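Chemist: Below is one structure. I have some questions about it.
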């Protein structure tokens, strides 16, 4: 009897997979390993120490940049997820009509445009607003990150909506539920994993952004990625490794919480 096809039984699959995993995770492992380096060199390991983590926690610029990054990412993720949810509902809970595909493309346009183009456009746009209003606060960064994160939040939410069975929503409508009650008690609980995935994706994208932030920010508004970029231009110390390790741990924690919550809901 012929065995069913499986890619895992193909020759070289395991080797290629191991090479890919090594290329992805080996540099991260080296980064984490050297963040515990007792010496000041990035090329030689002089023993295990937490001195660079302590130095990072005592660095006021690092703390300010980290808090600013988290604040901007959280606000941008919340606003972009709400906007993406409304856009996904408007483009999936409707009968197909002429121009719907164009709306899909319009919402996802930031994904197809080079980020540097978006950054320059936002720089010019916000520069005019700064001249007219005199305001130069962090609101521009929040607005820029929100606009850039909407398509990242939109994709998983839309995918969740397209794969949802409409039977329960139709049953709620047949039982005289208002559109809001049908959304609140039926659609939203089923859609919640997609919303959470969109929020997390938007949060990580905002937290990691360098190009748009570098063009839009004003003096004294460094986020952690732009602060690290500035420090690398001057001198590189294991402190950068320690900061990166801390944010790697934060990312792993967020993803773990997402999987635990999603698993419990399932």
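None of the figures in this text is laboratory data; all of them are computed from the coordinates on show. Quick caveat: nothing in here was measured; it's all calculated off a predicted structure. For neighbour counting, all protein chains shown are included, and Cβ atoms are generated from backbone atoms with ideal geometry for every residue, glycine included.
Chemist: Quick check on the chain: helices-only [θ] at 222 nm, where DSSP H runs of length 4 and up contribute -39,500 (n - 2.57) each and the sum goes over total residues. Nearest 500, please.
Modeler: Rounded to the nearest 500, the figure is -24500 deg cm²/dmol.
Chemist: Using the number of other C-beta atoms within 10 angstrom as an exposure proxy, rank 169, 58 with the fewest first.
Modeler: Fewest to most other Cβ atoms nearby, the residues stand as 58, 169.
Chemist: Right, here's the next one. What is the gain in length, in nm to one decimal, between residue 128 and residue 38 on full extension, counting 0.36 nm per residue of separation less the C-alpha to C-alpha distance?
Modeler: Separation in residues times 0.36 nm, less the Cα-Cα distance, equals 27.5 nm.
Chemist: Provide the gained length on full extension for the span residue 175 to residue 10, in nm with one decimal, where the gain is 0.36 nm per separating residue minus the Cα-Cα distance.
Modeler: Value of the extension gain: 54.1 nm.
Chemist: Can you give the relative contact order of the chain as a percent, counting alpha carbon pairs under 8 Å and 6+ residues apart? Don't skip to the end; give the middle numbers.
Modeler: On the way: 250 pairs, mean separation 81.6, N = 266.
Rounded, it is 31 percent for the chain.
Chemist: A further question on this structure: What percentages make up the Cα-Cα pair-distance distribution of the chain when the bins are 10 Å wide from 0?
Modeler: 6, 21, 26, 24, 16, 6, 1, 0
Chemist: Quick check: from the Cα gyration tensor, does the stretch 191-232 come out rounded (a/c under 1.5), prolate or oblate?
Modeler: Verdict is prolate for the stretch 191-232.
Chemist: Right, next: What list do you get for 251, 80 if you sort them by fewest beta carbons within 10 Å?
Modeler: 251, 80
Chemist: Apply 1/(1 + (r/R0)^6) to the Cβ-Cβ distance of residue 98 and residue 59, taking R0 = 51 Å, and write down the FRET efficiency to the nearest 0.05.
Modeler: Efficiency computed from Cβ-Cβ geometry: 0.35.
Chemist: For the peptides 23-31, 233-241, 46-54, what is the packing order when you average, over each peptide's residues, the other Cβ atoms within 10 Å and list the highest mean first? Mind dumping the intermediate values first?
Modeler: Details: 23-31: 10.8, 233-241: 15.8, 46-54: 13.6.
Result, highest mean first: 233-241, 46-54, 23-31.
Chemist: Separate question: With a point put 7 Å past each Cα toward its Cβ, work out how far residue 74 is from residue 25 in nm, to one decimal.
Modeler: It works out to 3.1 nm between the two label points.
Chemist: Sequence gap at least 6, Cα distance under 8 Å: using those rules, report the relative contact order of the stretch 1-151 to the nearest whole percent.
Modeler: Reported relative contact order: 22 percent.
Chemist: Order 209-218, 115-124 from most to least packed using the mean count of other Cβ atoms within 10 Å. Please report the intermediate quantities before stating the final value.
Modeler: Details: 209-218: 19.4, 115-124: 14.6.
The most tightly packed comes first, giving 209-218, 115-124.
Chemist: Can you compute log10 of I(q)/I(0) for the stretch 144-266 with the Debye formula, treating each Cα as one identical point scatterer, at q = 0.20, 0.22 Å⁻¹?
Modeler: -1.14, -1.25
Chemist: Please work out the Cα center distance from the stretch 50-122 to the stretch 124-138, rounded to the nearest Å.
Modeler: A separation of 20 Å, based on Cα centres.
Chemist: Something else about it: Counting other beta carbons within 10 Å of each residue's own, what order do 135, 154, 104, 176 fall into, fewest first?
Modeler: Numbers: 135 11, 154 26, 104 14, 176 8.
Listed from fewest to most nearby Cβ atoms, that is 176, 135, 104, 154.
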